[in-house]
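I'd like to ask you about the structure that follows.
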Amino acid sequence: MITNDGGSRMGPSRGSSVKALLIAAVAILTLLVGASISGAATGKKSAVDPTLDWAIATNPPSLFSAFYFGTEGSMMFSLTTHHILQPGVFGQPTTGPEAAVSSWKAVTPTKYVYRVKPGIRFSDGTTLTAADVAFSLNVHRNKKTGSKMFSFFSNVRSVGAKGNTVTVLLFKPDSKWQFTPAASPALVYSKADYAKKGAAFGTPSGLPVGTGPYKWVEYAPNSRVVLERNTFWKGVKYPWDRIVFSLIPDANARLLAVQSGQIDGTFAIPGNDIPLWVKAPNMKFGSFNSGGWRGFSIDVEDGPFKDVNVRRAIAYSLDKASITEGLTSSRGQVLEGLPPLLFIRGLLPKAEVDAALKKVPTYPYSVDKAKAELAKSAYPKGFSTTLNVPNGCVPCLLLAQVLQQGTSKIGINVKLNMMPGPQRFQVILDHKPNLGLQVLGQGPDSPHPMDKPDLLYRSERAAPGFENSANYKNAQVDKWIDESLASSDLKVAARNALKIMTVVNRDVPYIPIFSIPGAFAVKPGWGFKSSLGPFYYNQMWLSHLVAK
């Protein structure tokens, strides 16, 4: 539920809508935290080691969130600085101790005012001001920054600071904005620190200062990131004086590191390896609903992919049920469309959602139907294409290989092009012609039903700086998105999301495959409280970690 501690303000209809979402989401979201325990702790209990060793799977490209937009990055950033608003378990905005503001109010549908808490200090001893909070949003809005989160601010007219207040003006009403200050684009930075460090900001020689319980003290690319206590933090003091995020790209090596006690835990568990981790001795495994998804985008303006029959043929060539079983160990769910239904089911009656889903076109695995669709196209004998795959993303590679195998049966030859993850994502953001096929994996940015439709389907987002890598454009879909964002009732957005799913599935610009299961592994006797959820990476997840 929405908390109003510190004077948080929401209009009655908007507040009740979000509250309904959260109450229902709590009821339907099964958090399998600590679902299975492998091995048992032996010997006497000892005091918690003052150093927490946590494994990550990807090499951080930067310690500036503008250039490191991913769950592993956010999971570290959330320990080193405040968000403007504290994200709740289900992404709801609150003014808790991890929020930089004491209150906020939607004065009008296009004007939001935030009051900054007094006395918050950065790790260099300087005081957080409203000017810093405004800067932290504007730095992403500035095209010269090149932020990977630029798209979050396309509807923002201005962000200004006066006294201890920050005012955000929007071009048009957007009920999704209420969640943005509690998400990754709203981590707070020091304006002076950014100016002082310039181009080095976020690099090993330009570690940012922050306001969280920990501060950056070491950034060794391809090796590790180290945090130590921020002595200016006034909040809860966690058991660890030092946190080391060790880079262990290989999943088997991470598993052995947990078993041997070399590291204390990790969130980096490939879905296809879950059975191995569940059965592994001398560690504890748990899983939860991450709210994320994996699949593909298809550039509808690129060569053969302009033909909807080609896109449908590809959809039919993918055995989603077997892929989901193999790549998530049956802990993910087959997705027939986007957005994932987690938050929609939290807003609407089950019968209404199920009835709407019956109208959604689906493409059950069938080589014969795939060949029949291709035969209707201008490319009945098939063609060759290239799929970019980010290095270090094992699920991405496995999913790409499955696509390669499936399309080969109908005459479409897919060549895999491995490239560094940040550069591959930049290809999407640069949005040059001929994006072709792209393998995607995304977590939720907010619980709003238009979270993914607005990001992926809106026509104006088929442009540089945005993530509509399918170049999908549909006037009716745009109308439903606009109507949803203009309404303070999230049920309107949920119903429109189901309508959008029906139209988009007919056009097949995207092929979602499965929902991503969240997972963790920790040493014996450790675990997470049941409040771990889809937005754990934007939260103070240490507060949920139980160490013995």
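Going by Cα centres, segment 224-276 and segment 437-453 are how many Å apart?
With segment 224-276 and segment 437-453 each reduced to a Cα centre, they are spaced 26 Å.
Taking K and R as +1 and D and E as -1, what net charge do the other residues with C-beta under 15 Å from the C-beta of M283 add up to? Write out the running numbers ahead of the final one.
Numbers: positive: R254, K279, K284, K523, K548; negative: D53, D264, D273.
Charge balance near M283 sits at +2.
Work out from phi, with θ = phi - 60° and the Karplus expression 6.51 cos²θ - 1.76 cosθ + 1.60, the ³J(HN,Hα) of each residue of segment 462-471, listed in order in whole Hz, and give x for Gly and Pro.
Ordered by residue, 3J(HN,Hα) equals 8, 7, x, x, 10, 10, 7, 6, 8, 6 Hz.
Using only DSSP helix segments of four residues or longer, with each worth -39500 (n - 2.57), what per-residue ellipticity at 222 nm results for the chain after dividing by its residue count and rounding to 500? The partial results should precede the final answer.
On the way: 15 runs with 159 residues, N = 548.
Counting only the DSSP helices, I get -8500 deg cm²/dmol.
Would you mind classifying segment 352-466 by shape? Square roots of the alpha carbon gyration tensor eigenvalues, ordered a ≥ b ≥ c; an a/c under 1.5 is rounded, otherwise it is prolate if a/b is larger than b/c and oblate if not.
oblate
Sketch the reach of a paramagnetic label on R121 as a point 7 Å from Cα along Cα-to-Cβ, and name the residues of segment 193-227 whose backbone nitrogen lies under 14 Å away.
210-213
Only sites in a loop by DSSP and with at most 12 other Cβ atoms within 10 Å count here; which trypsin sites (Lys or Arg not before Pro) in segment 82-156 make the cut?
Working: sites: K105, K111, R115, R121, R141, K143, K144, K148; in loops: K143, K144, K148.
Those that pass, being in a loop and sparsely packed, are K143, K144.
Select from G96, G295, Y68 the residue farthest towards the positive end of the dipole of the chain; place +1 on Cβ of Lys and Arg, -1 on Cβ of Asp and Glu, and compute about the Cα centre.
Of the options given, the answer is G96.
If we sort 350-358, 81-89 on the protection proxy, mean other Cβ atoms within 10 Å, highest first, what's the order?
Numbers: 350-358: 12.6, 81-89: 25.6.
Taking the mean over residues of other Cβ atoms within 10 Å, the ranking is 81-89, 350-358.
If you restrict to DSSP beta bridges whose two residues both lie in segment 70-205, what percentage is antiparallel, to the nearest 5?
Details: 21 of 22 bridges.
Bridges in segment 70-205 are about 95 percent antiparallel.
Between segment 454-527 and segment 290-351, how many Å separate their Cα centres?
Using only Cα atoms to place each centre, the spacing works out to 11 Å.
Over the chain, what is the mean sequence separation of C-alpha contacts under 8 Å (at least six apart), divided by residue count, expressed as relative contact order in percent? Spell out each step's value before the answer.
Details: 1243 pairs, mean separation 123.5, N = 548.
Computed over the chain, the figure is 23 percent.
What is the extension gain from A475 to N434, computed as 0.36 nm multiplied by their sequence separation minus the C-alpha to C-alpha distance, in nm to one decimal?
Values: separation 41, 0.36 × 41 = 14.76 nm, distance 2.23 nm.
In short, 12.5 nm is gained.
Quick one: of K320/K381; K479/K499; K452/K499; K143/K452; K237/K548, which pairs are farther than 21 Å apart, Cα to Cα?
Details: K320/K381 24 Å; K479/K499 11 Å; K452/K499 14 Å; K143/K452 23 Å; K237/K548 16 Å.
Over 21 Å Cα-Cα: K320/K381; K143/K452.
Now a separate question. Taking Rh as the Kirkwood radius computed over C-alpha pairs, what is the Stokes-Einstein D of segment 169-235 at 37 °C in a medium of viscosity 0.692 mPa s, expressed in µm² per second? Let's see the in-between values first.
Values: Rh = 14.3 Å.
Roughly 230 µm²/s, to the nearest whole number.
Hey, another quick one. Treating only the Cβ of Lys, Arg, Asp and Glu as charged (+1, +1, -1, -1), what charge dipole size does segment 188-308 show about its Cα centre? Round to the nearest 20 debye. Please report the intermediate quantities before stating the final value.
Numbers: 14 positive and 11 negative charges, 147 e Å.
That gives segment 188-308 a dipole magnitude of about 700 debye.
Accessible area per residue, 1.4 Å probe, Å², for segment 309-366: what's the number? Could the numbers behind the result be given before it?
Values: 2440 Å² over 58 residues.
For segment 309-366, the per-residue accessible area is 42 Å².
Ok, one more. Computing the accessible area with a 1.4 Å probe over protein heavy atoms, can you report the carbon and sulfur percentage for the chain?
Working: 11320 of 20860 Å².
Heavy-atom surface of the chain belonging to carbon and sulfur, 1.4 Å probe: 54 percent.
Need the full-extension length gain, T110 to T145, defined as separation in residues times 0.36 nm minus the C-alpha distance. One decimal, nm. Mind showing how you got there, number by number?
Working: separation 35, 0.36 × 35 = 12.60 nm, distance 2.51 nm.
10.1 nm is the gain from fully extending T110 to T145.
Among DSSP beta bridges whose residues both lie in the chain, state the antiparallel percentage, nearest 5. Could the numbers behind the result be given before it?
Working: 58 of 77 bridges.
The antiparallel proportion sits near 75 percent.
While we're here: With a probe of 1.4 Å, find how much accessible area segment 484-548 has per residue, and write the answer as a whole number in Å².
Working: 1610 Å² over 65 residues.
With the other protein chains kept in place, segment 484-548 gives 25 Å² per residue.
Let me ask something else. Which aspartates and glutamates have a Cα less than 14 Å from the Cα of K358, not counting those fewer than 8 places away in the same chain?
E336
Follow-up. Once you list every other residue whose beta carbon is under 10 Å from the beta carbon of F305, what net charge do they have if Lys and Arg are +1 and Asp and Glu are -1? Mind dumping the intermediate values first?
Numbers: positive: K306, R311; negative: D299, E301, D302, D307.
So the environment of F305 carries a net charge of -2.
Could you tell me which label, among (1) 33.1; (2) 24.0; (3) 25.8, carries the value of Kirkwood radius over Cα pairs in Å calculated for this structure?
Evaluating Kirkwood radius over Cα pairs in Å on these atoms matches (2).
Just subtract the alpha-carbon distance of Q423 and K162 from 0.36 nm times their residue separation and send over the number in nm, one decimal. Write out the running numbers ahead of the final one.
Numbers: separation 261, 0.36 × 261 = 93.96 nm, distance 3.83 nm.
Separation in residues times 0.36 nm, less the Cα-Cα distance, equals 90.1 nm.
Right, another one. Using the Kyte-Doolittle scale, which helices in the chain average at least -1.0 and also have C-alpha atoms spread 15 Å or more along the helix axis, with helices defined as whole DSSP H runs? All intermediate terms of the calculation are to be shown ahead of the outcome.
Values: long enough: 12-28 (24 Å, 1.14); 130-141 (17 Å, 0.41); 394-408 (21 Å, 0.93); 475-486 (16 Å, -0.29); 490-507 (25 Å, 0.22).
Helices meeting the span and hydropathy rule in the chain are 12-28, 130-141, 394-408, 475-486, 490-507.
From the Cα gyration tensor of segment 64-119, with a ≥ b ≥ c the square roots of its eigenvalues, which class applies: rounded if a/c is under 1.5, or else prolate if a/b is larger than b/c, or else oblate? The partial results should precede the final answer.
Details: a/c = 1.97, a/b = 1.64, b/c = 1.20.
It comes out prolate by the Cα gyration axes.
What aspartates and glutamates does K279 reach when the alpha-carbon gap must be under 19 Å and sequence neighbours fewer than 8 apart in one chain are set aside?
Qualifying aspartates and glutamates at Cα under 19 Å: D250, D264, E325.
Give the shape of segment 97-181 as rounded, prolate or oblate, defined through the alpha-carbon gyration tensor: a ≥ b ≥ c are the square roots of its eigenvalues, a/c under 1.5 means rounded, and otherwise the shape is prolate if a/b is larger than b/c and oblate if not. Let's see the in-between values first.
Working: a/c = 2.04, a/b = 1.27, b/c = 1.60.
Oblate shape, in that a/c is at least 1.5 and b/c is the bigger or equal ratio.
In whole percent, what relative contact order does segment 212-347 give with Cα contacts below 8 Å and a gap of six or more residues? Write out the running numbers ahead of the final one.
Working: 109 pairs, mean separation 21.5, N = 136.
Relative contact order of segment 212-347: 16 percent.
Could you work out how far the C-alpha centroid of segment 108-159 sits from that of segment 356-407, in angstrom?
41 Å
The values are calculated or read from the model by the stated rules, or taken from the named source; none is laboratory data. Because the structure is predicted, anything quoted here is derived from the model rather than measured. For neighbour counting, all protein chains shown are included, and Cβ atoms are generated from backbone atoms with ideal geometry for every residue, glycine included. Just the protein is used for accessible areas: all its heavy atoms, side chains included, with ligands, DNA and RNA removed. Shrake-Rupley method; radii C 1.70, N 1.55, O 1.52, S 1.80 Å.
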